[in-house]
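The values are calculated or read from the model by the stated rules, or taken from the named source; none is laboratory data. Quantities reported herein were computed from a predicted structural model and do not represent experimental measurements. Every residue, glycine as well, gets a Cβ built from its backbone with ideal geometry; the counts of neighbours run over all protein chains shown. Only protein heavy atoms, including side chains, enter the accessible area calculation; ligands, DNA and RNA are left aside. Shrake-Rupley method; radii C 1.70, N 1.55, O 1.52, S 1.80 Å.
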Amino acid sequence: RRHLLGIAGLSLPDIHELMDRADAAVSVSLGLDKKKTALRGRTQINLFFEASTRTQASFELAGKRLGADVMNMSVANSSVKKGETLIDTAMTLNAMRPDILVVRHHAAGAVALLAQKVACSVVNAGDGAHEHPTQALLDALTIRRRKGRVARLVVTICGDVLHSRVARSNILLLNALGAEVRVVAPSTLLPSGIENMGVRVFRHMEDGLSGADVVMMLRLQRERMQGSFVPSVREYFRFFGLDAQKLARAKTDALVMHPGPMNRGVEIASEIADGPQSVIEEQVEMGVAVRMAVMEWMMDTNAAGPGR
Ligand code: CP
């Protein structure tokens, strides 16, 4: 069975195939073309142990656009609240014979563990600070459609890299596609060993943004910071918030991206989030196409059998 647990598990041909499939799915995902039937008769369960707007809604829409029967497990009203474990919950759902489980969990590695226990394909919709592969794919698709390529572009990822599964998946994917990846963050919000992930690290926005083709802002994840370092919002915005003055260091046609949800006035000024260089809404649009492509690809790969 084919899963999508992280960008780390994908070959370069897999990445290109997924992006090409997603590009081809855009007109269907936007409802401009006829609905597809690739997942007709398939059952997709979305199991989100953490809050989500974009990812859960777009997986649901993607499944429906492909003709699947889609069920959203309401974890808040489930037996998880009575103490049922992740694995017992997954095994219970597995007994109902789904074809695809889409899972978000607060613990890194939880989705991979679950994938070992169930008999269906599993998609990682975000596990702790580990990976969020479909977000990285939709970000790369947004860049490729706007710029015509990803290779050799300078992409600067700014902010709370330490807690960001989006940053981790993006670093892996953008490097695989040949981009020059930079990160800008305060030292307290950088994971150790980040230099070994093929990125250039900057401490000041003005330096990291200089000549950038793409500026990718990250949400300051204060809910994951326990006491040790919670920066003041005003100070954080002053040094690491994207405003017009800092953005002026990037190329004049640089794209501004944010995976959402945004903290306006914390990591990004409203005038930039809503400004002419922002492609934040386009990222959301690409989300449905990417999730359609991922699920169709998993089912096609499974159908092709283990010898593929
Ligand atoms: N980008 C992202 O994962 O957003 P949600 O948390 O709303 O799904």
If MET217 satisfies every condition in (1) surrounded by fewer than 13 Cβ atoms within 10 Å (Cβ to Cβ); (2) modelled with pLDDT of 95 or more; (3) under 24 Å from ALA125 (Cα atoms) but one, which is the exception? (1)
When (1) over 17 Å from VAL290 (Cβ atoms); (2) more than 16 Å from the ligand (Cβ to nearest atom); (3) at pLDDT 95 or above are applied to SER164, the one that fails is (2)
Would you mind listing the helices (runs of 4 or more DSSP H) fully within the range 240-308 where at least 3 residues are open to solvent by 50 Å² or more (accessible area, probe 1.4 Å), without any contact (Cβ under 8 Å) to a residue 24 or more places away in the chain and among the aromatic types (Phe, Trp, Tyr)? none
Quick one: is VAL123 over 30 Å from ALA304 (Cα atoms), of a type outside the set (Gly, Ala, Ser) and touching a strand residue (DSSP E or B) at 6+ places or on another chain (Cβ under 9 Å)? no
Note down all Cβ pairs under 7 Å where the first residue falls in the range 180-198 and is without any contact (Cβ under 8 Å) to a residue 24 or more places away in the chain and within 28 Å of ARG149 (Cα to Cα), the second is open to solvent by 20 Å² or more (accessible area, probe 1.4 Å) and of a type outside the set (Ser, Thr, Tyr), and they're at least six residues apart or on different chains. GLU195/VAL201
The listed residue being buried (at least 18 other Cβ atoms within 10 Å of the Cβ) and either at positive phi or modelled with pLDDT of 95 or more (or both), out of ALA119, ALA68, ALA108: ALA68
Among (1) over 18 Å from the mean Cα position of the chain (by Cα); (2) small (Gly, Ala, Ser); (3) modelled with pLDDT of 95 or more, where does GLY31 come up short? (3)
